[in-house]
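Here's the structure, in structure tokens; my notes come after.
The values are calculated or read from the model by the stated rules, or taken from the named source; none is laboratory data. Treat the numbers as computed from the prediction; the structure is a model and nothing was measured. Positions of Cβ are backbone-derived with ideal geometry, glycine not excepted, and every protein chain shown enters the neighbour counts. Surface accessibility is based on the protein's heavy atoms, side chains included, excluding ligands, DNA and RNA. Shrake-Rupley method; radii C 1.70, N 1.55, O 1.52, S 1.80 Å.
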Amino acid sequence: MAKKRQTFSREFKAKVALEALREEATLQELSVKYSVHPNQIMQWKKLVAENAAVIFERANKKNGEEHKADAEKEELMKVIGEQKIENEYLKKKYRQIYGEEPPTW
């Protein structure tokens, strides 16, 4: 019979990873204590260690990629707005010239 895959909350993972980082107990001891495989604890510990600096970033500070994406989005929205205005203008002119709604393709 296949064993059901266990899922853990973020809080639980953080708690176990921080305890592993403290190195007050061995991975094997933590494994027994929390019923989690030592390799899994090692992965969580590594993730916390690699991403700890993110905690100290300012929440409103955007990196270069986010600024670039925002600028690109703003430019695209501007183009869409201009096209919408042009489209409405052309529909209006079509109605004036032909006296009917333009066909939809």
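Couple of notes before you dig in:
- Residue-normalised accessible area of the range 1-98, expressed per residue, 1.4 Å probe, Å²: 92
- Residues residue 54 and residue 34, FRET efficiency given R0 of 22 Å [Cβ-Cβ distance, rounded to 0.05]: 0.35
- Which of 8, 56 is most accessible, then next, and so on - probe 1.4 Å: 56, 8
- Only one of (i) 65; (ii) 27; (iii) 22 was calculated from the structure for percent of Cα pairs over 21 Å apart, and its label is (i).
- Distance in nm between pseudo-label sites at residue 47 and residue 6 (7 Å out along the Cβ direction from Cα): 1.5
- Accessible surface for residue 55 stands near 130 Å², nearest 10, in the context of the full protein assembly shown (1.4 Å probe).
- With each label modelled as a point 7 angstrom along the Cα→C-beta vector, the residue 24-residue 63 pair spans 3.3 nm.
- Helical segments meeting 15 Å axial Cα length and Kyte-Doolittle -1.0 threshold in the chain (DSSP H): 10-22, 38-51
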